[in-house]
Amino acid sequence: MEQNIARGHGLAWSLSVLGHVEGTREEAQAALRERADRFDPALFSKVTRRRLYGDGDGFMLLVEGRLARAWHYRFRIAELLEDSAPPPPPPPEPKPEPVERWQPPSPRSPKPPRPPQPPAARHEVDIPERPAWLGRDDLA
């Protein structure tokens, strides 16, 4: 998995191996898709949007948090060609519990519309359209 992480005053790329799959490329692709679906970045306390794209041999995940900045993560398949010190085989993983796919937060219910207000009553007052003082010469 490739991710951009904050380093000092900028961003740096970080690369980590999520696991190994022995099998066909399709099996590796399915395992990677499951990991991408379950991936939960601890960077955000509230995810406002999450988009997962297919990208050739992998996936790209765009996550937006409260600050509306999108962080991206790349999940890629790679074949191990050489390793000078192979790690010991990992213990068999227990079968994971089914995980619900991420669902966007439900939108707030809109406020009910205000009932229509009756038109304001017009005051029946005798107001001339032209004031009597307008145009008088004796007012200075």
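The values are calculated or read from the model by the stated rules, or taken from the named source; none is laboratory data. Keep in mind that what you see is a predicted model, and the values were worked out from it rather than measured. Because the Cβ atoms are built from the backbone with ideal geometry, glycine has one as well, and the counts that use them run over all protein chains shown.
Residues that are touching a Leu at 6+ places or on another chain (Cβ under 6 Å) and closer than 21 Å to Pro89 by Cα do occur in region 23-42, at least one of them.
In contact with a strand residue (DSSP E or B) (Cβ under 7 Å, 6 or more places away or on another chain), in a strand (DSSP E or B) and free of Cβ contacts under 8 Å to residues at least 40 places away in the same chain: does that describe Phe59? Explain how you work it out, then say what you get.
Details: in contact with a strand residue (DSSP E or B) (Cβ under 7 Å, 6 or more places away or on another chain): yes; in a strand (DSSP E or B): yes; free of Cβ contacts under 8 Å to residues at least 40 places away in the same chain: yes.
Considered against the rule, which asks whether it is in contact with a strand residue (DSSP E or B) (Cβ under 7 Å, 6 or more places away or on another chain), in a strand (DSSP E or B) and free of Cβ contacts under 8 Å to residues at least 40 places away in the same chain, Phe59 comes out as yes.
Yes/no matrix, rows are residues, columns are (1) in contact with a Cys (Cβ under 9 Å, 6 or more places away or on another chain); (2) within 30 Å of Pro105 (Cβ to Cβ); (3) not in a loop (DSSP other than H, G, I, E, B):
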| residue | (1), (2), (3) |
| --- | --- |
| Trp13 | no, yes, yes |
| Gly23 | no, no, no |
| Glu27 | no, no, yes |
| Ala78 | no, no, no |
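Going through (1) assigned to a loop (DSSP other than H, G, I, E, B); (2) closer than 24 Å to Arg25 by Cα; (3) touching a residue at least 24 places away in the same chain (Cβ under 8 Å) one by one, Pro104 falls short only on (2). Of the residues in region 80-91, none is closer than 20 Å to Gln29 by Cα, touching a residue at least 40 places away in the same chain (Cβ under 8 Å) and either touching a Phe, Trp or Tyr at 6+ places or on another chain (Cβ under 6 Å) or part of a strand (DSSP E or B) (or both). Exactly one residue among Arg49, Arg76 is of a type in the set (Lys, Arg), over 17 Å from the mean Cα position of the chain (by Cα) and either at pLDDT 75 or above or within 26 Å of Glu27 (Cβ to Cβ) (or both), and that residue is Arg76. In region 7-20, the condition of being under 23 Å from Pro91 (Cα atoms) and either modelled with pLDDT of 85 or more or within 18 Å of the chain's Cα centre (by Cα) (or both) is met by no residue.
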